[in-house]
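Since the structure comes first, as C-alpha coordinates, the remarks are kept for the end.
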Amino acid sequence: AQQPGAPLSEQEYQQFFRLLRVARRASTACLFRQLYGCHHPLVQRLDEYENHGVIPEGPICSSLPAVPFFINFCTFSLYRCTRKKYFIKV
(Lines give C-alpha, C1' and ligand atoms only; values in the text may rest on other atoms or scores of the structure.)
Protein backbone atom coordinates (compact mmCIF):
# COMPACT_ATOMS: atom_id res chain seq x y z
CA ALA A 1 0.00 0.00 0.00
CA GLN A 2 1.15 3.52 -0.79
CA GLN A 3 1.80 5.99 2.00
CA PRO A 4 -0.80 8.74 2.39
CA GLY A 5 0.23 11.76 0.34
CA ALA A 6 2.40 9.74 -2.04
CA PRO A 7 1.73 10.29 -5.76
CA LEU A 8 -0.08 7.63 -7.74
CA SER A 9 1.91 5.10 -9.71
CA GLU A 10 1.78 5.19 -13.53
CA GLN A 11 -0.82 2.41 -13.53
CA GLU A 12 -2.89 4.17 -10.86
CA TYR A 13 -2.79 7.43 -12.84
CA GLN A 14 -3.97 5.63 -15.98
CA GLN A 15 -6.92 4.14 -14.06
CA PHE A 16 -7.71 7.47 -12.39
CA PHE A 17 -7.84 9.42 -15.66
CA ARG A 18 -9.66 6.62 -17.50
CA LEU A 19 -12.49 6.90 -14.95
CA LEU A 20 -12.60 10.69 -15.31
CA ARG A 21 -12.81 10.51 -19.10
CA VAL A 22 -15.64 7.96 -18.94
CA ALA A 23 -17.67 10.09 -16.52
CA ARG A 24 -17.12 13.18 -18.66
CA ARG A 25 -18.36 11.33 -21.74
CA ALA A 26 -21.41 10.11 -19.85
CA SER A 27 -22.07 13.66 -18.67
CA THR A 28 -21.82 14.94 -22.26
CA ALA A 29 -24.28 12.29 -23.47
CA CYS A 30 -26.66 13.31 -20.68
CA LEU A 31 -26.44 16.95 -21.64
CA PHE A 32 -27.21 16.04 -25.24
CA ARG A 33 -30.19 13.93 -24.05
CA GLN A 34 -31.51 16.81 -21.95
CA LEU A 35 -31.15 19.31 -24.80
CA TYR A 36 -32.59 17.23 -27.64
CA GLY A 37 -34.70 14.55 -25.96
CA CYS A 38 -34.83 10.80 -26.24
CA HIS A 39 -36.18 10.76 -29.79
CA HIS A 40 -33.13 12.39 -31.33
CA PRO A 41 -31.43 9.86 -33.66
CA LEU A 42 -28.04 10.13 -31.92
CA VAL A 43 -29.59 9.60 -28.49
CA GLN A 44 -31.50 6.60 -29.80
CA ARG A 45 -28.29 5.14 -31.25
CA LEU A 46 -26.60 5.53 -27.86
CA ASP A 47 -29.56 3.84 -26.15
CA GLU A 48 -29.46 1.00 -28.66
CA TYR A 49 -25.72 0.61 -28.18
CA GLU A 50 -26.17 0.46 -24.41
CA ASN A 51 -28.85 -2.24 -24.79
CA HIS A 52 -27.28 -4.49 -27.44
CA GLY A 53 -29.20 -3.04 -30.35
CA VAL A 54 -32.71 -2.67 -28.91
CA ILE A 55 -34.18 0.10 -26.76
CA PRO A 56 -36.23 -1.68 -24.06
CA GLU A 57 -39.94 -0.94 -23.98
CA GLY A 58 -41.42 0.07 -20.64
CA PRO A 59 -41.91 -0.45 -17.86
CA ILE A 60 -38.26 -0.76 -16.81
CA CYS A 61 -37.69 -2.48 -13.46
CA SER A 62 -35.11 -1.05 -11.12
CA SER A 63 -33.19 -2.30 -8.12
CA LEU A 64 -33.26 1.21 -6.67
CA PRO A 65 -35.28 1.16 -3.44
CA ALA A 66 -36.67 4.67 -3.95
CA VAL A 67 -37.75 4.06 -7.55
CA PRO A 68 -38.75 0.43 -8.25
CA PHE A 69 -39.67 1.04 -11.91
CA PHE A 70 -39.66 3.60 -14.70
CA ILE A 71 -42.33 3.95 -17.40
CA ASN A 72 -39.73 3.60 -20.18
CA PHE A 73 -36.00 3.61 -20.88
CA CYS A 74 -36.02 7.32 -21.62
CA THR A 75 -37.35 8.12 -18.15
CA PHE A 76 -34.77 5.80 -16.61
CA SER A 77 -31.96 7.45 -18.58
CA LEU A 78 -33.12 10.93 -17.61
CA TYR A 79 -33.20 9.83 -13.97
CA ARG A 80 -29.59 8.66 -14.21
CA CYS A 81 -28.61 11.95 -15.82
CA THR A 82 -30.29 14.20 -13.26
CA ARG A 83 -28.84 12.18 -10.36
CA LYS A 84 -25.40 11.93 -12.05
CA LYS A 85 -25.50 8.16 -11.52
CA TYR A 86 -24.49 7.40 -15.07
CA PHE A 87 -23.72 3.73 -14.67
CA ILE A 88 -26.77 2.44 -12.79
CA LYS A 89 -28.21 -0.63 -14.47
CA VAL A 90 -31.61 -2.24 -14.18
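The values are calculated or read from the model by the stated rules, or taken from the named source; none is laboratory data. All values reported here derive from a predicted model rather than from experimental measurement. No Cβ is skipped: glycine too gets one built from the backbone with ideal geometry, and neighbour counts run over all protein chains shown. These accessible areas exclude ligands, DNA and RNA; they are computed on the full protein's heavy atoms, side chains included. Shrake-Rupley method; radii C 1.70, N 1.55, O 1.52, S 1.80 Å.
Annotations
- Of all residues in the stretch 35-85 being loosely packed, with under 13 Cβ neighbours inside 10 Å and of a type in the set (Ser, Thr, Tyr), the one that is modelled with the highest pLDDT: 36
- Filter pass, residue 12 being more than 16 Å from the chain's Cα centre (by Cα), of a type outside the set (A, V, I, L, M) and open to solvent by 100 Å² or more (accessible area, probe 1.4 Å): no
- Within the stretch 21-34, restricting attention to residues that are touching a helix residue (DSSP H, G or I) at 6+ places or on another chain (Cβ under 7 Å) and in contact (Cβ under 8 Å) with a residue 12 or more places away in the chain, the residue that is surrounded by the fewest Cβ atoms within 10 Å (Cβ to Cβ) is 34.
- Close pairs (8 angstrom Cβ cut-off, 6 or more residues apart or separate chains): on the phi > 0 side of the Ramachandran plot and at pLDDT 70 or above in the stretch 3-16, part of a helix (DSSP H, G or I) and of a type in the set (D, E, K, R) anywhere: none
- Checked against the criterion of being hydrophobic (A, V, I, L, M, F, W, C) and closer than 20 Å to residue 35 by Cβ, the stretch 54-61 has at least one qualifying residue.
- Residues that are under 17 Å from residue 88 (Cα atoms) and either in contact (Cβ under 8 Å) with a residue 24 or more places away in the chain or among the basic types (Lys, Arg) (or both) within the stretch 35-61 comprise 47, 60, 61, listed in sequence order.
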